[in-house]
Amino acid sequence: MRLAELSTRSGVSTATIKYYLREGLLPPGRRVTATQAEYDEKHLQRLRLVRALIQVGRVPIAAARQVLTALEDESLDHNSRLGTAVWALPHGPESPAGAGADGDDADTAAARRTVDALLERVDWEYAQGYGADAPAYRMLVTAVGTLSRLGYPCSVEDLAPYARAGRQLAVADLDLLERYDSPDEQLEAAVALTVLYEPVLLALRRIAQAEESNRRFGRGAGE
């Protein structure tokens with residue numbers, strides 16, 4: 001297909017496709033003339049992944065290039081590729097890598113000990129292995145540290161129900177991914193669904209809170 005058809009089928013403007021080509025996010029097409037090239041289904045699939053990363057996930061160009069490089073790295077297994085794609089997504093505030101080492105503040109060190117104990121409590125051995133290298137780990141350390149400083153409950157016992165709920169959500173997430181056949185489609189879906197389902201999770205949590213509050217404290221509660 002020519003550039004115009006690739007644009008039509010992907011929903012991405014020709015100008016944006018040319019930009020992705022210049023930035024190395026999309027491989028060059030097969031040159032047919034000095035000024036024209038042809039593209040195939042692999043280009044269409046790659047373009048969908050790029051769009052999921054940049055337009056949906058708001059991933060910076062440099063980070064998107066890192067994800068795409070990992071995709072082409074045959075030494076990485078599918079799990080590592082999925083992890084690279086999801087870890088590239090913007091996260092909330094994070095503590096520095098290696099938080100809790102000598103010289104870090106006491107609150108951060110204590111928060112890291114709590115998080116490590118939590119991961120051990122729920123038997124997440126893989127998570128314990130990658131530890132401070134993961135943006136989500138550092139984000140959790142920061143969140144627990146903030147809760148602690150403000151005097152809100154954040155012990156292992158307080159956090160364990162949330163971890164168990166997170167495990168159930170992860171099962172649902174991976175069940176969704178397995179509906180897609182190819183690894184490239186699963187990578188695209190991992191990025192898009194991680195971003196697009198987070199507002200769904202927030203909305204459902206708040207609706208559930210309203211339901212439970214009404215059950216406990218609403219008019220007629222306890223009757």
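Bear in mind that the values in this text are calculations on the coordinates, not laboratory data. Note that the structure is a prediction, hence the values are computed from the model and not measured. No Cβ is skipped: glycine too gets one built from the backbone with ideal geometry, and neighbour counts run over all protein chains shown.
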- Note on the structure: Volume per residue (Å³) of the convex hull spanned by the alpha carbons of the stretch 3-87 is 98
- Message: What three numbers, in Å, describe the spread of the alpha carbons of the stretch 119-176 along their principal axes, ordered from the longest?
- Response: 37, 24, 20
- Message: Could you give the length gained by full extension between residue 157 and residue 2, i.e. 0.36 nm per residue of separation minus their alpha carbon distance, to one decimal place?
- Response: 50.0 nm
- Task: Starting from the Cα gyration tensor of the chain, multiply each eigenvalue by 5, take the square root, and state the resulting semi-axes largest first in whole Å.
- Result: 40, 23, 15
- Query: If you bin the C-alpha pair distances of the stretch 93-217 every 5 Å from 0, what whole percents do you get?
  - Reply: 2, 9, 15, 18, 19, 16, 11, 6, 3, 1
- Calculated [θ] (222 nm, deg cm²/dmol) that DSSP helices of n ≥ 4 give over the chain, each run adding -39,500 (n - 2.57): -21000 deg cm²/dmol
- Query: Efficiency by 1/(1 + (r/R0)^6): what FRET value for residue 204 and residue 105, r their Cβ-Cβ distance, R0 = 35 Å, to the nearest 0.05?
  - Reply: 0.50
- Simple spin-label estimate for residue 215 and residue 122 in nanometres, 7 Å along Cα-Cβ: 2.1
- Note on the structure: Taking trypsin sites (Lys or Arg not before Pro) as exposed when in a DSSP loop with at most 16 other Cβ atoms inside 10 Å, the chain has its longest clean stretch at 59-178
- What is the calculated FRET efficiency for residue 139 to residue 18, with r their C-beta to C-beta distance and R₀ = 35 Å, to the nearest 0.05? 0.50
- Cβ-derived FRET efficiency at R0 25 Å, residue 181 paired with residue 36, nearest 0.05: 0.20
